[in-house]
Amino acid sequence: LEVDGENQDLPLDGEGAYATNIKGCRAETTITIGGRDDLVRRMVRARDVRISFGKGRSFSTYRLNGADRANFGRIVSLSEAKTLPPARPDDEEYRDGEVLGPDAGDIENPELVPATRIKPKYPREAVRRNVMGRVTLAATIDTSGAVTDLKVLRAAGGDCGLEESAIAAVGQWRYKPARKDGRPIEVPFTVVIDYMLQRRR
């Protein structure tokens, strides 16, 4: 482990210290460095962190990026917190075609124009690996019925491209805009895409 140019060796010979698993469309390596809170804090503050790991002659090197350090920072914050924040809601709390926000009850929901509904492509690697899942998107439906500001609310996971496929398709959809008091308005909206494969018998 190299933190801002300072090297430190961490033995990975303990039970469960080093494991590689196939998850979805990627190989995921987990390294456990239990009991080294000081090291994790240094990694959060560091400008440059490089990790080299492996067995025998097979080694891999990974350089932490800003998002990685931000994730470590959240872990440190949670470990130091006196109380934990409430758990995020499950996917079931987001329904397909739901207007978000406190005024949702007074709004006439947007309606999808059926002819514009392009079916998301099932990524080839996800099909090959039999990966299924649900992608929940947050979007804005503007006053013309166009879909803007697409973001992933809940990912299917697995790094198989399901999220990217959903965004590419839904971004081309068109809606009859939401209305309040008879006038078209812009609203935050949810779209749920299920990726399912038929089981072979």
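Once amide H atoms are built 1.01 Å from N in the peptide plane, which residues 5 or more positions from Cys160, or in another chain, come under 5 Å H to H?
Amide H neighbours of Cys160, under 5 Å, 5+ apart: Cys25.
Which whole-Hz ³J(HN,Hα) couplings does the stretch 122-132 yield from phi under the Karplus relation 6.51 cos²θ - 1.76 cosθ + 1.60, θ = phi - 60°, glycine and proline marked x?
7, x, 4, 5, 5, 5, 4, 9, 6, 8, 10
Considering only DSSP beta bridges whose two residues both sit in the chain, what percent are antiparallel, to the nearest 5?
100
With the Cα gyration tensor of the stretch 1-84 giving a ≥ b ≥ c as the square roots of its eigenvalues, does the rule (a/c under 1.5 for rounded; else a/b larger than b/c for prolate; else oblate) give rounded, prolate or oblate?
prolate
Efficiency by 1/(1 + (r/R0)^6): what FRET value for Ala169 and Leu100, r their Cβ-Cβ distance, R0 = 25 Å, to the nearest 0.05?
With R0 = 25 Å, the Cβ-Cβ based efficiency is 0.75.
In the chain, if the dipole is taken from +1 on Lys/Arg beta carbons and -1 on Asp/Glu beta carbons about the Cα centre, which of Asn65, Gln198, Val76 is farthest to the positive end?
Value: Gln198.
Express the C-alpha Rg of the stretch 156-195 as a ratio against the empirical globular expectation 2.2 N^0.38 Å, rounded to two decimals.
Taking the Cα Rg and dividing by 2.2 N^0.38 Å, one obtains 1.56.
Carbon and sulfur: what percent of the stretch 51-179's accessible surface (1.4 Å probe)?
50
Charges on Cβ only, +1 for Lys and Arg, -1 for Asp and Glu, centred on the Cα centroid of the chain; of Ala19, Asn130, Gly34, which one is farthest towards the dipole's positive end?
The one lying farthest along the dipole's positive direction is Asn130.
Using 0.36 nm times the number of residues separating Asp149 and Ile33, minus their current alpha carbon distance, what extension gain do you get?
Result for the pair: 37.9 nm of gain on full extension.
Roughly what % of Cα-Cα distances in the stretch 98-201 sit above 25 Å, to the whole percent?
When all Cα pairs of the stretch 98-201 are counted, 26 percent exceed 25 Å.
If I stretch the segment between Thr83 and Val113 completely, what's the gain in nm (0.36 nm per residue apart, minus their alpha carbon distance), one decimal?
6.2 nm
No solvent, one uniform scatterer per C-alpha: report log10 I(q)/I(0) for the chain via the Debye equation at q = 0.13 1/Å, two decimals.
-0.93
Skip the ligands, DNA and RNA, and give the accessible area per residue of the stretch 149-201 with a 1.4 Å probe, whole Å².
Value for the stretch 149-201: 63 Å² per residue.
Sorted by accessible area with a 1.4 angstrom probe, largest first, how do Phe53, Phe59, Phe72, Phe189 fall?
Listed by decreasing accessible area, they come as Phe59, Phe72, Phe53, Phe189.
Separation of the stretch 26-55 and the stretch 95-119 by C-alpha centroid, Å?
Here the answer is 43 Å between Cα centres.
Using protein chains only and a probe of 1.4 angstrom, how many square angstrom of Ile22 are accessible, to the nearest 10?
Ignoring ligands and nucleic acids, Ile22 comes out at about 110 Å².
Helix-only estimate, please: 222 nm mean residue ellipticity of the chain, summing -39500 (n - 2.57) across DSSP H runs of length 4 or more and dividing by its residues, to the nearest 500.
Calculated mean residue ellipticity at 222 nm is -5500 deg cm²/dmol.
Using a 1.4 angstrom probe on the protein heavy atoms only, line up Leu112, Leu84 by accessible area, largest first.
Per-residue accessible area, sorted high to low, gives Leu84, Leu112.
The values are calculated or read from the model by the stated rules, or taken from the named source; none is laboratory data. Keep in mind that this is a model prediction, so the values were computed, not measured. A quick note on method: Cβ atoms are made from the backbone with ideal geometry, for glycine too, and the neighbour counts reach across all protein chains shown. Surface accessibility is based on the protein's heavy atoms, side chains included, excluding ligands, DNA and RNA. Shrake-Rupley method; radii C 1.70, N 1.55, O 1.52, S 1.80 Å.
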